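**Student:** Sharing a structure here in structure tokens format.
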Amino acid sequence: KKQPQRQPHRQWDPAMAPAKKPTCANCKKPPETYCVDCGKSLCRFCTVLLHHPDTKNETHSLEEIASYQGVKIITPILLDLFLIAAAGFMLSGPGIGPEYFNGNSYCPALSRGRRFIAHFDANLFFYNKHHLARYCDWEDSYWRFFMDTWVRGILTSTDSWLLLLSEGVRALIFEEFFRVLLTPVIALAYALVAALFVFIEWEIFKVIYEDVEGTEHRFTKLFVKVENFVQTLAFASRLVITDKKKPPPLTLYRRRPFEDWIELVKYVYDRQTRMIQFYRAQAQTACRFVLRGSMVAALFIRVVCIIFGSSGIVAWIRLLCGNGVGSTYLEWFAESTGMSKEEITNGAYTDTRYSDWAVQNGLNLAVAQVPLIGVVGEDVRNTSFGLVVAIMPLVKRLLIPALVLLPPPALLWWKIRLQRKKFKDDWKPKTCKEMWGDMSRKQPAHGWEDLRFSVRPMANKTM
């Protein structure tokens, strides 16, 4: 029998892997429209199904997706570069030294800010020195929660439940403070940089696509292969740190008329900042995952070490990294406590015995409840009349400014109500027919292939 000819072995090349083309959010067809209210890219048929006349979604803002979406080479790995740069910045600070075991505060981030203020203005530094010291103590509690995972939980087995609870509460408060105040600033900075890269890449590759290369688009095909290879290098997009929503596509302006001035301004603003909002939410999700995930991991390790001990973990670490891992920290810890390294590693030493004893006995005492509800209610009743009399002069002073400042907003709101009423009255007899044609319950999805939801669907005028 004739043997089948064997095909030569071809090594897999990531650049030659087919790119995952975007699909409709409701089916597997290529997307043609984008719903601003739903935040989904849909094919034309699914757009009609989900926004058919006489449904609650018929007035949604629908836009045609631009025919050219550009090539993205830097944007897919921008979040990865951001996380690597953030990790490098955090690890570039001073490490654990002997002063850490003597109780000195460890605040690498605030130390940089304090150094900058001292070089900028010495008077400003000394005026805020006590505030900086208090904030340094809070940051110290956050970093000690992680460093004690290694020093107390794994190396020395001197961790305790009380120490874990006290450090964990303050670390959680500092993490929440960082997430609420600083994460939005970091996320906005990342979003501006990401949107700038999106705009630059789109403009550059559009010029190459339309003006430089011919009809075969050889350069664009080559850049698409590079884009596919870059997407295989991106690891942050494969984790749970990114939002489930996909980045919005480049679209054309909607055809539907505005409902009122407020809705028009909101639509234009959201359209211009759509990409920025997406990348800002992506960065905030990444920061939240890193901050909270690191705390959960450290908490899990410390609880395991307290319950089961750390001898097995230390054995595995030294088997993989060598016997000298952590020896310097053990020497510093032994020097600060006056104990030998053997006693510390064998678990014979603890420096939390008195506080643990006090807490254990204190939990057995009953705390008397103070009946505050009746007293507070009586005070409120007695002071209500006095409060009304006290604010009357303030009300009289604010009456004239209110009479001057309130009419313009009232007139604007009256105009907005008229516009909304006109939009609602014109929708069924006029606007709906212009948008959806002859579609109705009797003729569902009639002529759906000819629908266009942008003013100039054939143009490439995008965001």
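**Student:** Being at pLDDT 85 or above, under 20 Å from the mean Cα position of the chain (by Cα) and either open to solvent by 20 Å² or more (accessible area, probe 1.4 Å) or closer than 30 Å to L79 by Cα (or both) is the requirement here; does Y279 meet it?
**Tutor:** yes
**Student:** Counting just the residues of region 126-137 that are in contact with a Leu (Cβ under 8 Å, 6 or more places away or on another chain) and open to solvent by less than 100 Å² (accessible area, probe 1.4 Å), which one comes out nearest to E167 (Cα to Cα)?
**Tutor:** Per the stated criteria, the residue is C136.
**Student:** Here is a further query. Could you check how many residues of region 87-112 are in a helix (DSSP H, G or I) and without any contact (Cβ under 8 Å) to a residue 40 or more places away in the chain?
**Tutor:** 11
**Student:** Taking into account only those residues within region 232-248 that are surrounded by fewer than 19 Cβ atoms within 10 Å (Cβ to Cβ) and touching an Asp or Glu at 6+ places or on another chain (Cβ under 9 Å), which is modelled with the highest pLDDT?
**Tutor:** By that ranking, first place goes to L233.
**Student:** Starting from residues that are over 19 Å from the mean Cα position of the chain (by Cα) and surrounded by fewer than 14 Cβ atoms within 10 Å (Cβ to Cβ), keep the ones in region 170-201 and report whichever is modelled with the lowest pLDDT.
**Tutor:** F199
**Student:** I'm checking my understanding of the structure. Among residues of region 138-169 that are more than 13 Å from A298 (Cβ to Cβ), of a type in the set (V, I, T) and in a helix (DSSP H, G or I), which one is most open to solvent (accessible area, probe 1.4 Å)?
**Tutor:** Here the answer is V169.
The values are calculated or read from the model by the stated rules, or taken from the named source; none is laboratory data. Since we're looking at a predicted model, the values are computed, not measured. In this analysis, Cβ positions are derived from the backbone assuming ideal geometry, glycine residues included, and neighbour counts consider all displayed protein chains. Just the protein is used for accessible areas: all its heavy atoms, side chains included, with ligands, DNA and RNA removed. Shrake-Rupley method; radii C 1.70, N 1.55, O 1.52, S 1.80 Å.
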